[in-house]
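Asker: Questions regarding the structure given below will be posed in turn.
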Amino acid sequence: MSLILEDRELAINPNPRVPICIALDTSASMTGNKIDELNKGVKLFLDAILEDEVTRFSADIAIITFGRHVEKVLDFGDVENIKLHQLTAGGGTPMGGAVLEALRMLEDRKKQYKKNGVTYWQPWLIVMTDGMATDGSMQLVDKVKEAAIKTSKLVKDKKLNLFSIIIEPGTSEELETFGGKLAPLDGVKFEEFFQWLSQSVSVVSESTPGTGFKLPDPQSWTSIEW
Amino acid sequence: MNLFRIAGATTIGSSHIKNGKPCQDKIYSKKYKHVAAIALADGAGSCSQSDLGAEICTRHIVDFLCNNFDKTYLLTEQEISEKINKSIKKPLEKMSVELNVSSKELSSTLLFVAVKGNKFIAGHIGDGLIGKFDESGSQILSLPENGEYANETYFITMPEADKYLRIYKDNLNSTLGFILMSDGSYESLFDTQKNILASANLTFFSWLIDKQNTIESLNKSIEDNLASKFTKQTTDDCSVILLSTKHIEGWLDTVLKITHLDNAEEWWEKLKNYLR
């Protein structure tokens with residue numbers, strides 16, 4: 001006779017989470033085809049996360065835009081009830097402020113996980129921009145430098161996975177100071193990038209202790225090899 | 001008189017099947033010269049020979065404790081940790097030379113319990129959990145030790161493993177048995193929000209002490225439950241191994257104290273059967 005446990009005898013624990021904050025440049029220079037493709041890419045990403053049976057329960061996503069100001073357009077929470085409005089372009093590029101806000105949100109999210117007994121992987125921060133920051137070295141308070149000091153330490157201590165994506169005609173100068181991985185986006189291949197991102201999240205979500213995950217090949221959206 | 005019973009099983013996780021990796025959880029047990037020992041090891045996911053490392057660790061620690069229980073029990077916990085760490089590194093290093101790989105490729109966690117007479121020695125490095133059963137049901141003996149993140153833990157192959165290898169030794173007193181579980185099984189057997197062991201732990205133990213269940217059928221039942229139920233909660237490998245200890249004196253009093261269980265009468269019937 002086979003002995004079978006009843007479902008009520010088992011613990012049901014929350015899935016380990018991977019918190020991901022995406023900081024997107026929506027400055028005036030992103031107007032036109034770039035913002036249209038960005039919107040398509042973000043929608044594809046969120047749909048892909050929901051369709052994957054692993055990432056649906058593990059990915060914890062927040063989105064910040066930086067244009068007229070730094071704005072939280074999607075907060076961490078239930079991925080199944082995401083409602084994201086179309087992003088519009090305009091204003092300057094307060095990238096430093098956006099990265100600082102992203103770091104604060106990720107830190108707060110980790111505190112919530114700890115409080116609720118939820119295990120989590122290293123947070124991810126993705127920064128996408130097509131130009132120089134307007135709250136950087138030319139300003140009285142250099143927020144880019146302040147952000148770079150924090151991100152580079154976190155990356156060095158392996159407490160943050162950081163991906164900086166240069167949208168044409170942007171340059172790498174400021175993004176290099178953040179540390180982490182850096183890559184130029186081929187043209188407006190936002191959809192390809194976000195597809196790669198959803199696949200990467202899936203790889204992380206299935207990793208187990210001692211597994212250093214191998215990211216999928218990024219060649220679909222960049223010329224860089226990681 | 002000791003009449004130990006031991007049962008356990010492992011099952012491969014869906015992520016291992018998907019990635020063409022073997023099951024990296026291993027269990028091992030032995031009864032030898034009045035000692036009963038059980039061990040469980042979980043090989044590190046990205047390490048190429050960690051399944052072999054886990055196999056080596058479980059066999060080595062069980063043999064070590066069966067052959068050296070008395071001498072080991074006399075040492076302090078720190079001395080035991082250093083001695084075991086030094087001893088277990090030898091077969092791992094030997095295998096790494098044979099395979100021409102770094103010993104890091106054989107990384108695994110390790111959990112174990114050995115019992116002799118009224119004494120036990122237990123040890124734990126990494127994730128997973130050791131539970132024990134006594135008159136009040138199931139208790140935690142050793143919690144997982146992870147880094148901050150879900151994919152970080154400690155392995156016996158680390159150079160300073162003796163700093164992370166936690167040793168427990170004591171008299172059994174009213175302890176009736178032990179359970180070792182890997183981190184995959186932990187997801188189903190430990191409620192992380194209430195910080196308590198799920199009732200399935202006690203159910204597994206009640207099957208073990210019921211002498212009507214052969215060890216072969218128990219191993220199969222545990223395996224079936226891991227494969228059909230535990231794998232719904234995780235994509236990782238799952239494993240458990242249990243040991244029941246027995247001291248004829250004191251058992252009846254102990255059993256009568258188990259009054260809070262819903263199925264206390266059932267427990268009592270099974271225990272009476274076991275004692276016959």
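The values are calculated or read from the model by the stated rules, or taken from the named source; none is laboratory data. Predicted model only: the values in this text are computed from it and were never measured. Quick reminder, even Gly has a Cβ in these numbers, built from the backbone with ideal geometry, and neighbours come from all protein chains shown. Accessible surface is based on the protein model in full, side chains and every heavy atom, while ligands, DNA and RNA are left aside. Shrake-Rupley method; radii C 1.70, N 1.55, O 1.52, S 1.80 Å.
Asker: Can you compute the charge dipole magnitude of chain B about its Cα centre, using +1 on each Lys and Arg Cβ and -1 on each Asp and Glu Cβ, nothing else charged? Give it in debye, rounded to the nearest 20.
Answerer: Computed charge dipole of chain B: roughly 840 debye.
Asker: Another question about this same structure. If ligands, DNA and RNA are left out, what is the accessible area of B:Leu143 with a 1.4 Å probe, given in Å² to the nearest 10?
Answerer: 80
Asker: Here's a follow-up. Give me the net charge of A:Lys40's neighbourhood, meaning all other residues with Cβ under 12 Å from the Cβ of A:Lys40; Lys, Arg count +1, Asp, Glu -1.
Answerer: Around A:Lys40, the charge tally is -2.
Asker: Over the Cα atoms of chain B, what radius of gyration and what Dmax do you get, in Å?
Answerer: Gyration radius and largest Cα-Cα distance of chain B: 18.0, 57 Å.
Asker: Tell me, what is the 1.4 Å probe accessible area of A:Lys40, in Å² to the nearest 10?
Answerer: Here the residue's solvent-accessible area equals roughly 110 Å².
Asker: Sticking with this structure for a sec: Across peptide B:192-203, how many C-beta atoms of other chains are within 10 Å of each residue C-beta, on average? Let's see the in-between values first.
Answerer: Values: counts 8, 7, 2, 1, 1, 1, 7, 6, 7, 2, 1, 6.
Shielding by partners across B:192-203 averages 4.
Asker: Something else now. Determine the dipole magnitude for segment B:110-180: charges of +1 sit on the beta-carbon of Lys and Arg, -1 on that of Asp and Glu, nothing else is charged, the reference point is the Cα centre, and the result goes in debye to the nearest 20.
Answerer: 380
Asker: Could you work out [θ]222 nm for the protein assembly as shown from helices alone, using -39500 (n - 2.57) per DSSP H run of at least four and dividing by all its residues? Round to the nearest 500 deg cm²/dmol. Before the final figure, lay out each step's value.
Answerer: Working: 15 runs with 187 residues, N = 502.
Helix-only estimate at 222 nm: -11500 deg cm²/dmol.
Asker: About the Cα centre of segment B:45-194, what is the dipole size in debye to 20, counting +1 per Lys and Arg Cβ and -1 per Asp and Glu Cβ, all else neutral?
Answerer: So the dipole magnitude of segment B:45-194 works out to roughly 540 debye.
Asker: Take every Cα pair under 8 Å in chain A that's 6+ residues apart, average their separations, divide by the length, and report that relative contact order as a whole percent. Before the final figure, lay out the partial values.
Answerer: Details: 432 pairs, mean separation 52.7, N = 226.
Across chain A, relative contact order equals 23 percent.
Asker: Obtain the nm distance between the two label points defined at A:Trp226 and A:Asn33 by a simple spin-label model: each point lies 7 Å from its Cα along the Cα-to-C-beta direction.
Answerer: 2.6
Asker: Right, another one. How large are Rg and Dmax for segment A:14-128 when only the alpha carbon atoms are used, in Å?
Answerer: That works out to 14.3, 44 Å for Rg and Dmax.
Asker: Moving on to the next point. Within a Cβ distance under 11 Å of B:Ser217, other residues only, what is the Lys/Arg minus Asp/Glu net charge? Display every interim value, and only then the final one.
Answerer: Values: positive: B:Lys220; negative: B:Asp210, B:Glu216, B:Glu223, B:Asp224.
Spelling it out: positives minus negatives among the neighbours equals -3.
Asker: If you don't mind, another one. Please report, in whole Å, how far the alpha carbons of segment A:133-226 spread along each principal axis, starting with the longest.
Answerer: 45, 33, 18
Asker: Excluding ligands and nucleic acids, what accessible area in Å² is computed for B:His60 using a 1.4 Å probe, to the nearest 10?
Answerer: Spelled out: B:His60, probe radius 1.4 Å, area about 50 Å².
Asker: While we're looking at this one, here's another question. With springs connecting C-alpha atoms under 10 Å apart, model chain A as a Gaussian network and identify which of A:Lys145, A:Lys115, A:Lys43 has the largest mean-square fluctuation.
Answerer: Per the Cα network of chain A with a 10 Å cutoff, A:Lys115 tops the list.
Asker: Moving to a separate point now. Classify chain A as rounded, prolate or oblate from the Cα gyration tensor: take a ≥ b ≥ c as the square roots of its eigenvalues, call it rounded if a/c is under 1.5, otherwise prolate when a/b beats b/c and oblate if not.
Answerer: prolate
Asker: Enter the mean projected area of the convex hull around the alpha-carbon atoms of the protein assembly as shown, in nm², rounded to one decimal.
Answerer: 25.6
Asker: Quick check: Cα centre of segment B:5-35 to Cα centre of segment A:25-101, how many Å?
Answerer: Using only Cα atoms, the two centres lie 44 Å from each other.
Asker: Related question: Modelled label-to-label distance, B:Tyr32 and B:Gln78, 7 Å Cα→beta-carbon offset: nm?
Answerer: Reported label-point gap for B:Tyr32 and B:Gln78 is 3.0 nm.
Asker: Related question: Connecting C-alpha atoms closer than 10 Å in a GNM of chain B, tell me which of B:Lys33, B:Lys232, B:Lys86 has the biggest fluctuation.
Answerer: In this elastic network of chain B, the residue with the biggest mean-square fluctuation among B:Lys33, B:Lys232, B:Lys86 is B:Lys33.
Asker: If you take the charge dipole of the protein assembly as shown about its Cα centre, with +1 on Lys and Arg Cβ and -1 on Asp and Glu Cβ, which of A:Cys21, B:Gln24, B:Ile88 is farthest toward its positive end?
Answerer: B:Ile88
Asker: Which of A:Val73, A:Val201, A:Val99 moves the most in a Gaussian network model of chain A with Cα springs under 10 Å?
Answerer: A:Val73
Asker: Suppose accessible area is computed on protein heavy atoms with a 1.4 Å probe; arrange B:Leu74, A:Leu10, B:Leu52 from highest to lowest.
Answerer: Solvent-accessible surface, decreasing: B:Leu74, B:Leu52, A:Leu10.
Asker: Within 10 Å of each Cβ of B:141-151, how many other protein chain Cβ atoms are there on average?
Answerer: Mean partner shielding for this stretch: 5.
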